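Comments concern the structure below.
The values are calculated or read from the model by the stated rules, or taken from the named source; none is laboratory data. Since this is a predicted model, take the numbers as computed values, not measurements. Here the Cβ is made from the backbone with ideal geometry for all residues, glycine too, and neighbour counts use every protein chain on show.
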Amino acid sequence: MPTPHIFSAKQVSAVLLIAGSLALSACATKAPKELPPEPGPVTTTASAPQPLGPAPGSQADFLATMMGDETIYFDTDRYNIDSADAAALNKQAQWLLRYPGKRALIEGHCDERGTRDYNLALGERRANAAKNHLVSIGVDPSRLTTVSYGKERPISLASNETAWARNRRAVTITTD
């Protein structure tokens with residue numbers, strides 16, 4: 001029976017070195033037959049940057065511009081426009097005149113005191129007072145609608161003067 005052939009450590013190392021060299025040479029890059037063209041001017045197909053913030057003419061734009069002046073507040077059992085209300089409504093009118101295609105809904109609200117019917121009527125008078133002021137500044141009345149919620153949609157549910165004062169309001173919301 002022939003004896004198995006045993007390789008020495010030097011022979012094994014040499015075989016591994018040759019196998020590794022052959023493997024690496026197979027991965028070697030060859031020079032291309034033709035070089036790529038020189039780089040030209042850079043062209044981009046990116047669109048113009050989008051503006052930050054709300055879309056112009058949107059309800060979000062209206063709210064951002066108003067910074068709280070979309071709501072006016074009234075004294076107990078009142079619907080008259082005072083100087084603070086007039087300033088807020090003037091700001092609203094400027095925005096509405098800038099966007100003549102936009103319409104607005106003016107909501108009239110009351111506090112919880114009084115009957116449902118009384119508060120619905122008072123909320124209507126508050127919404128109409130705000131509308132009439134906007135019209136007096138130049139906003140087309142056909143762009144403005146009103147609704148009274150009376151005491152049905154309070155902002156504050158507490159039963160104290162602070163809560164009642166917050167609930168006696170007219171709120172302008174843009175539509176379309």
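Couple of notes before you dig in:
- Any hit, region 161-175, residues being part of a strand (DSSP E or B), surrounded by fewer than 13 Cβ atoms within 10 Å (Cβ to Cβ) and either free of Cβ contacts under 8 Å to residues at least 40 places away in the same chain or not aliphatic (A, V, I, L, M) (or both): yes
- Selection within region 47-98 - in a loop (DSSP other than H, G, I, E, B) and under 23 Å from Ser136 (Cα atoms): Gly57, Met67, Gly68, Asp69, Glu70, Phe74, Asp75, Arg78, Tyr79, Asn80, Ile81, Asp82
- Within region 74-98, the residues that satisfy the criterion of being of a type in the set (Ser, Thr, Tyr) and surrounded by fewer than 17 Cβ atoms within 10 Å (Cβ to Cβ) are Thr76, Ser83.
- Test: Gly108 is at pLDDT 95 or above, among the small types (Gly, Ala, Ser) and buried (at least 17 other Cβ atoms within 10 Å of the Cβ): yes
- Meets criteria (of a type in the set (Ser, Thr, Tyr), under 19 Å from Thr175 (Cβ atoms) and touching a helix residue (DSSP H, G or I) at 6+ places or on another chain (Cβ under 6 Å)) for Thr65: yes
- Qualifying positions in region 81-99 - among the small types (Gly, Ala, Ser) and out of contact with any helix residue (DSSP H, G or I) (no Cβ under 7 Å at 6 or more places or on another chain): Ser83, Ala84, Ala87, Ala88
- Across region 99-132, the number of residues qualifying as in a loop (DSSP other than H, G, I, E, B), out of contact with any Gly (no Cβ under 7 Å at 6 or more places or on another chain) and under 21 Å from Arg143 (Cβ atoms) comes to 2.
- Search result, residues across region 133-156 that are assigned to a helix (DSSP H, G or I), hydroxyl-bearing (Ser, Thr, Tyr) and closer than 23 Å to Ala87 by Cβ: Ser136
This table checks each residue for (1) touching a Lys or Arg at 6+ places or on another chain (Cβ under 8 Å); (2) farther than 20 Å from Asp61 by Cα.
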{"residue": "Ile81", "(1), (2)": "no, yes"}
{"residue": "Asn90", "(1), (2)": "no, no"}
{"residue": "Gln94", "(1), (2)": "no, no"}
{"residue": "Arg103", "(1), (2)": "yes, no"}
{"residue": "Ile106", "(1), (2)": "yes, no"}
{"residue": "Tyr149", "(1), (2)": "no, yes"}
{"residue": "Ile155", "(1), (2)": "yes, yes"}
{"residue": "Thr162", "(1), (2)": "no, yes"}
